[in-house]
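To start, the structure itself, in structure tokens.
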């Protein structure tokens, strides 16, 4: 007399081996847009702090806040517009995500360094 246990059924695999993975283009677009937004904020900060006084006045959208309002508004617009354009361009596509992420992280590092006071003070000659 043999007693055989019935094995429980495994849940179906979410991505079976014969089906392709979802496209990574939209994710790459979001990461790159974040890098573009950060770099834009850094460049805006450099222009206001180390550039001609014209930028200080041009980015002063609201007097109680000063040029900070203009810097952040422009950076958010750069992020949003680049995300829309890149998202539409990469919709349904697979890209080399490591390359896109590396470029985005370099842009983020540029933005971070450019907003660091010793850096823009050095560039301003202070």
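The values are calculated or read from the model by the stated rules, or taken from the named source; none is laboratory data. It should be emphasised that the depicted structure is a prediction, and the values quoted were computed from it without experimental measurement. We place every Cβ from the backbone using ideal geometry, glycine too, and count neighbours over all the protein chains shown.
Residues in the stretch 51-102 that are touching a residue at least 60 places away in the same chain (Cβ under 8 Å), in a helix (DSSP H, G or I) and exposed (fewer than 15 other Cβ atoms within 10 Å of the Cβ): 89, 97. Filtering 124, 69 for residues that are at pLDDT below 95 and touching a strand residue (DSSP E or B) at 6+ places or on another chain (Cβ under 6 Å) leaves a single hit, 69.
Residues that are at pLDDT below 95 and more than 26 Å from residue 22 (Cα to Cα) within the stretch 83-110 are absent altogether.
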